[in-house]
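Notes to accompany the following structure.
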Amino acid sequence: MHQRVKDLVDRGDRFLIATHIDPDGDALGSAFSLCFALNELHKEAWVYLRDSVPYQYEFLPKPRTVLGPTDLTRNGFDAFFILDCGDLRRIGDELQRFRGNCFTVNIDHHDTNEAFGQLNILDDRASSTAEILYGILKALDVPFTREMAVNIYTAVFTDTGSLRYPNTNALAFSICQEMVQRGVVPSEVASGIYENHPKARFDLLCLALATLRTHKNGRLATMHVTKEMFDKTRTSKEHTEGFVEDLKEMRGVEVALFVRQIGPTRFKASMRGKGSVDLAAVARSFGGGGHKNAAGCTVEGPLRQSLKTLIEAIPL
Ligand code: 5GP
Ligand code: MN
C-alpha cells in the first residue's frame, strides 16, 4: 500500500492535499506536514482549505501554498490526497465539483470511511490520520523537519485528547516522543492550543453552560449554543472547540452531546463518549459519522425537537 503511494509520488510533480471542512488539529497537522514532506521531495504541493485556520491552530507552521475556494481554477494535479475525511461530502461542494475524476488517495482513520478514493489507506485503529501518515512518510524516506514535526505532534496530540482518550496507543506516544526529539516543545504546542482563547470564548461558554442538562440518570449531558448566543458574544464555531470535551469531564457522564446552530432550523451535533455507546452508529443514523467515541452529524428541525431526537437516539 505504502509502495503505491511512493510510486505515485515518484511519478508525479504536482499534488493537491485536502481535508475536511471545519478542520481540527489532525486535519490541519496532517495536511500541512504532508505538504512540507512533498516539498522536501522536490514536489509541488498545495493544501486546499475550505475554511480558515481556527485561532487555536494559528501557531502551526503553515505551507505558503494554501488555497481557498476561490483559488480552485486550474486542475493540473497528478493526484489529490484527501486526509482525515470520512466521506466526500465533508470536503465541501467547491472541491467536490473541482475534483472531477482526478486520482484520489484517501488516507483516514474514521470507522465510517466510505473508501471513496482510487487508493484507500484506512486504519480505524490508528489514533489519528497523522499516525497513518507517519508510516507513509517513513516509507517515502523523507526527513522529518521541525515544521513537519510540530504539525504531526499537534495532530496526534489533539486527536487523542492530549494523549488521554481510549484511542491513545503506544505508537501515538512513540510518534510524539520522536517529534519532541526533532524539535517540538510540548509546552509551546499545549499553550498554543489550550491557553490562547479570547475572552469572548468564555462569554460564550457562560451562556452555553446555562443550557447544561443531564438526562438518563446523569449518563448523558447536553449543552447547546444558538445563533443568538454567537451574535451576542461576537463569536463563531471555532470558539466552541473543546466545549463537548468539557462536558465529558462530569462524573457519571457516559455521553456528552453538544449542539450548535448552523441555520434557522439546522444544528450541528458533536458527541463524545467513554466507550459504552457506539456514537459513530448514532451519527450515521443522521447521515453523519466519526468514531465510536467521537462523532458528529447535522440535524434538521427546531432546537427542542432536534435535541429530543438526538437524545432519544443515544442508547443509554
Ligand atoms: P466533531 O464533533 O469534532 O465535529 O467531530 C467528531 C468526529 O466526527 C470527527 O472525527 C469528525 O471528523 C466526525 N464528524 C463530525 N461531523 C461529521 C459529519 O457530519 N459527517 C461525518 N462523516 N463525520 C463527521
Ligand atoms: Mn482525525
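The values are calculated or read from the model by the stated rules, or taken from the named source; none is laboratory data. None of these values were measured; they are calculated from a predicted model. Cβ coordinates were reconstructed from backbone atoms using ideal geometry, including for glycine residues, and neighbour counts include every protein chain displayed.
One table, with the values for the structure above:
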quantity: From the options Asp111, Asp78, residue that is within 26 Å of Gln3 (Cβ to Cβ) and touching a His at 6+ places or on another chain (Cβ under 6 Å); calculated: Asp111
quantity: Residue list for the stretch 62-86, filter: in contact (Cβ under 8 Å) with a residue 60 or more places away in the chain and crowded, with 17+ Cβ neighbours inside 10 Å; calculated: Phe77, Ala79, Phe80, Phe81, Ile82, Leu83, Asp84, Cys85, Gly86
quantity: Strands (runs of 3 or more DSSP E) fully within the stretch 192-294 counting 2 or more residues that are crowded, with 16+ Cβ neighbours inside 10 Å; calculated: 220-225, 255-263, 266-273, 289-291
quantity: Count of the stretch 13-31 residues which are touching a residue at least 60 places away in the same chain (Cβ under 8 Å), within 16 Å of ligand 2 (Cβ to nearest atom), in contact with a strand residue (DSSP E or B) (Cβ under 9 Å, 6 or more places away or on another chain) and outside any strand (DSSP E or B); calculated: 6
quantity: The listed residue being assigned to a helix (DSSP H, G or I) and over 16 Å from the mean Cα position of the chain (by Cα), out of Leu34, Leu38; calculated: Leu38
quantity: Verdict on Ala294 being at pLDDT below 95 and in contact with a strand residue (DSSP E or B) (Cβ under 7 Å, 6 or more places away or on another chain); calculated: yes
quantity: Test: residue in the stretch 129-141 that is within 16 Å of ligand 1 (Cβ to nearest atom), assigned to a loop (DSSP other than H, G, I, E, B) and crowded, with 20+ Cβ neighbours inside 10 Å; calculated: no
quantity: Single condition Asp10 does not satisfy, out of (1) out of contact with any Pro (no Cβ under 9 Å at 6 or more places or on another chain); (2) not in a helix (DSSP H, G or I); calculated: (2)
quantity: Options Leu49, Leu72: the member that is outside the structural domain of Cys297 (by TED's automatic domain parsing) and touching a helix residue (DSSP H, G or I) at 6+ places or on another chain (Cβ under 7 Å); calculated: Leu72
quantity: Boolean, Arg251 is within 16 Å of ligand 2 (Cβ to nearest atom) and basic (Lys, Arg); calculated: no
quantity: Residue match in the stretch 165-181 (condition: away from ligand 1 (no atom under 16 Å from the Cβ), of a type in the set (D, E, K, R) and not assigned by TED's automatic domain parsing to the domain that holds His291); calculated: yes
quantity: Hits in the stretch 109-137 - residues which are free of Cβ contacts under 8 Å to residues at least 24 places away in the same chain, away from ligand 2 (no atom under 13 Å from the Cβ) and out of contact with any Phe, Trp or Tyr (no Cβ under 8 Å at 6 or more places or on another chain); calculated: Ala115, Asn120
quantity: Contacts under 7 angstrom Cβ, first residue in the stretch 263-289 being closer than 30 Å to Asp231 by Cβ, partner among the charged types (D, E, K, R) and in a strand (DSSP E or B), 6 or more apart; calculated: Thr265/Glu300; Arg266/Glu300; Phe267/Arg260; Lys268/Arg260
quantity: Yes/no for Asp51 being in contact (Cβ under 8 Å) with a residue 12 or more places away in the chain, assigned to a helix (DSSP H, G or I), within 16 Å of ligand 2 (Cβ to nearest atom) and charged (D, E, K, R); calculated: no
